[in-house]
Each structure stands twice: as structure tokens, then as C-alpha cells.
1. In this structure, is Val204 part of a helix (DSSP H, G or I), open to solvent by 20 Å² or more (accessible area, probe 1.4 Å) and in contact with a Gly (Cβ under 7 Å, 6 or more places away or on another chain)?
2. Given (1) touching a residue at least 60 places away in the same chain (Cβ under 8 Å); (2) open to solvent by 50 Å² or more (accessible area, probe 1.4 Å), where does Val329 come up short, assuming only one miss?
3. Can you tell me which residues in the range 332-341 are outside any loop (DSSP other than H, G, I, E, B), among the hydrophobic types (A, V, I, L, M, F, W, C) and in contact (Cβ under 8 Å) with a residue 40 or more places away in the chain?
4. I need the full set of residues from the range 275-299 which are assigned to a helix (DSSP H, G or I), open to solvent by 30 Å² or more (accessible area, probe 1.4 Å) and either under 22 Å from Ser153 (Cβ atoms) or of a type in the set (A, V, I, L, M) (or both), in order please.
5. Of the residues Val43, Val73, which single one is assigned to a helix (DSSP H, G or I) and in contact with a Pro (Cβ under 8 Å, 6 or more places away or on another chain)?
6. Starting from residues that are in contact with a helix residue (DSSP H, G or I) (Cβ under 7 Å, 6 or more places away or on another chain) and under 22 Å from Gly22 (Cβ atoms), keep the ones in the range 67-79 and report whichever is surrounded by the fewest Cβ atoms within 10 Å (Cβ to Cβ).
7. Go through (1) open to solvent by 20 Å² or more (accessible area, probe 1.4 Å); (2) within 23 Å of Val77 (Cβ to Cβ); (3) charged (D, E, K, R) for Lys315 and report which single condition fails.
8. Which condition does Met420 not pass, out of (1) touching a strand residue (DSSP E or B) at 6+ places or on another chain (Cβ under 9 Å); (2) open to solvent by 50 Å² or more (accessible area, probe 1.4 Å); (3) modelled with pLDDT under 50, if it passes all the others?
Amino acid sequence: MSEFVGDISKAYASDEPALELGAGVLDGTLHPDAAVRVPLSMVTRHGLIAGATGTGKSRTLQGLAEQLSAAGVPCLVTDVKGDMSGLGAPGQAGSRAESRAAELGTPWVPTAFPVEFLALGGLGSGVPVRATMTSFGPVLLSKVLGLNETQESSLGLVFHFADKAGLPLLDLKDLRAVIGHLVSDEGKADLTGLGGLSAATAGVILRELIGLEDQGGDVFFGEPEFDSADLLRVAPDGRGVMSVMGLVAVQDKPRLFSTFLMWLLADLFHDLPEVGDVEQPKLVFFFDEAHLLFDDASEAFLDAIARTVRLIRSKGVGVFFVTQTPKDVPPEVLAQLGNRVQHALRAFTPDDAKALKATVSTFPESEAYDLRELLTSMGIGEAAVTILSERGAPTPVAWTRMRPPASLMAPLDPAAQTAMVQSSPLLAEYGQSIDRDSAYERLLAKVAPPERAPASDREIPRQQVEPEREGAIAKVLGSSAFRSLARSAASAAGREITRSLFGTASRRRRRTRAW
């Protein structure tokens, strides 16, 4: 027993600040002195939190996010089930968390953490998060729409044309208008030298866009656009702000919300400076239900994810994927996840048995445990852990009884959450949607009588765009006047937008906002 404690303590020792994961277990016996921890500097080597439903993945996520916040590291935490809002309230005395802490011999003080509640498009209780079509880009949008590689390539051509022509793509109706032009007789000429857009492909894209709009997807695209720099805030007491992205209201749109999270990561990748190895992360992302990000993804999308995860480490950002089995994550991404917390798996079906075998094969060989038996016998709140040590080598597998969260392990009271949202410094900027001059409005203005032309090209309320004027778009899209306008705009220097790995557009970044 003393040899086990010594081996684990030595393997997981750290001379620098570290996150306490828990303590080692051997033959069912807990050894509080066998501390299992991960150095803060190794968090940017990314990680995987996996396990069957009900085994404690969410509480592991919660505990890690708490300790990162306490160390001054901001986090983005996805909340698919609605139970991560408890980060904003102290834990309950006499709860399982308190008894687990006593068992581990660690102090436990109920603690609330600085939390910012976010909601995609304002659906749910949180500050609305939106993106413009232009900055979202064709690669991520193709994933949302479920396009094949040919259709994705064609969508990229549409964005390229809009960039060159100076036509702002802010929301869904802007993109639909530009696609309609490019398949018109005169619009085809604008693509000379760039390639073509077939009517059949355009029709597929338009149908998918209409379907997305009918499902309420139009609220996610538009302005004001969320600045990912607002994820990097620190509270006055020095703790990192935890941005909790509420996704309960959009559970029926998994491709949309998972891709939106990737947009935030890609936006940070594009704008953050290179910092190399850091003592502690600048930001940590936690992607819950990570399999939704990879389901039905194109090769181009998977390649972009793999490259972003690989390269964003040098920007000081750590990424943790939370899912049921390592098989949910593509091999090229899984290979970059140096820190592994594997909760129990179930082997009730042949598919479960295959997943178990594949999971065992991804761990270092263990002299202390039969990993196949271990992964099916661990209790709730226990996990098989292996991390990258300070020298970058994988540690031996440690059966770990995980440290409990200090915040509430349940949803926050809705009234309390609403009050926190209303007091947010972000609400004044992002709370009200804007529908300003963009591609759609400019096309409509070309066919409107002079006396009905908008007095300002800064903002046009959506309700002022009359439904009967929709039919006029078809005329102006193929008109010589529009063709002249597009060519004139295309000749303006500096119109084309530089795009990053995901095709997301670069933007001028504001200063980081105070909490």
C-alpha cells in the first residue's frame, strides 16, 4: 500500500500550481495521501472527460472550472442540461459534496463563483450571443446546414463574392439574397474567373437556409455580434469569470449550438496573440455533449477542428471535450488530448463492449489495475485518470475518487439567475438585436420609390421591410443596375475579408471589459 501511495504521489507531484482532482484508490480502498493533480501549465494540453450517463462527468467539469476560476482563469462552460447554473450559488451544507470532501480529507467551504450567463440568440435566460453571417463563415455554416463537400465549396464561393462586392452578410436574408443573384443570368457573369454556382446546388442551400429560419435559427445570426474577448474577464477579487452558455432551449438544434461554440473558439484563435507555453491558461473551454460537434461533420470541418485544437494551445487556451466514450472524438483530435478523466463505462450491449475495448486501448498500460475491469466497476464520482506531467510524459493510470465541487450541484433558482442576467454589464450592449443596412436592404432600396428610401443607411427596423416587397428582389438581383453596383463595390480596395482556419472573418477587437 505504501508503495502505491509513493508511486502515485511521485507521478502526480507538481512544483507549480495545480488542479486537485482527488486521491488514488487501490483494491477499493481510498488513500487520501495519494494526491492526483494536474499542473495548471498542462491544462493547455487539452483534455477529455468521458463516461456513461450518471457517472459524474458534469461534477468533474464543475470542480475543474471552480478551481480554474479560483486561480484567476476564465472559463466557458456549456450547459446542455441546465444544471451548471449552480456554479453561481454556494453548495449545500450536509450534502454529498461535504461528505466526499471529508472522506478525502480536504477542506470544503460552500462557495459561489463569478458567473456570466449567456444564451444563443437570447433563447433562454442569459445575455444573447449572436454572430453575423460574414464572421461565421462558410465552413461552419455548412456544418449547421448539413451540406456535402460540393455544396460547402459552392457556399464558400458565395461568401467570397459577397466579400469582394462589399455586400455585408449579417443575417439569413442577406445570404439568401446574394445566392439568388448569383444564379440569375446576369449574376453568373460576376463569377467569371471564380467558378460557377449551379441552380441545383443553390436550391439545396436555399432550402436548408429556409428550414433553419423556420426552426428559429434566424435569431442566432445578426447584430450586435458577440465579441469573444468578453470571455476573458476576471472579477475584482481576481477570480476568473465563468461564462455559462445555456443550451437547454436549443437542445433540438445540436448542430447549430455545437458549431456556434466552435465559432467562438475559432474567433479567439484568430485574434489572440501567440504566447507559447504559459504558467496558466488564459481561458479554458469545456464542450459538453462533444459528440454533437463531430456527428455528420465533413472532412474539411474535422480537419479544421483538429488544426484549431492543435494550434490554439500556443494562444494559451485549453479545451476539454466532455462525452460518453473516446470513440465520440475523431482520432486526430483525441491524439491531442493529453489529460484524460475516464468515468465508468457500461457494457450491456455488443456496441458497449466494443467501445470499452477501444477505450482501454487509449490508456497507458497499468501494473496496478485491470483496466477493462476497472472501467466497468468504478462508482459514481470515481474515474481512471492519466495526465501529462510537468515534463510532458503521461502519468500512470490512477483510479481516482474525485474532489467534489464547492458550488451548488443543482440548477440555480430561476429568479436568482434572471436577476444576475439583468445586472450583467454585457446586457446593455448585446440585449437588443439590430437590423442595419446590409445586402438585403441595399437590394430592396434599389427598387423602392425615392420617397420610400430609408433616410439612413445605418439601421432599418425589421418590421419596416414589407412582405410584398420580397418579390422585387428577383428583379433587382439580375438587373444591370445591381450588376454595376456589385462591380463598383468589388473594385474597392480592401473589401475582401481575411478568413482563418474555419473561414471565420477577422474583426477589430475591443478592450477586455471589466467585470
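The values are calculated or read from the model by the stated rules, or taken from the named source; none is laboratory data. Quick caveat: nothing in here was measured; it's all calculated off a predicted structure. Cβ placement follows ideal geometry from the backbone for every residue including glycine, while neighbour counts extend to all protein chains displayed. Note: areas computed on protein heavy atoms with side chains; ligands, DNA, RNA excluded. Shrake-Rupley method; radii C 1.70, N 1.55, O 1.52, S 1.80 Å.
1. no
2. (2)
3. Listed by number, the residues that qualify are Leu334, Val341.
4. The initial filter retains those residues of the range 275-299 that are assigned to a helix (DSSP H, G or I), namely 291-294, 299.
Keeping just the survivors that are open to solvent by 30 Å² or more (accessible area, probe 1.4 Å) gives 291-292, 299.
Leu292, Glu299, listed by residue number.
5. Val43
6. If we filter the range 67-79 for residues that are in contact with a helix residue (DSSP H, G or I) (Cβ under 7 Å, 6 or more places away or on another chain), which is where we start, we get 71, 74-79.
When the remaining residues are screened for being under 22 Å from Gly22 (Cβ atoms), the result is 71, 75, 77.
On the way: Ala71: 17, Cys75: 26, Val77: 27.
By that ranking, first place goes to Ala71.
7. Answer for Lys315: the failing condition is (1).
8. Result: Met420 fails condition (3) only.
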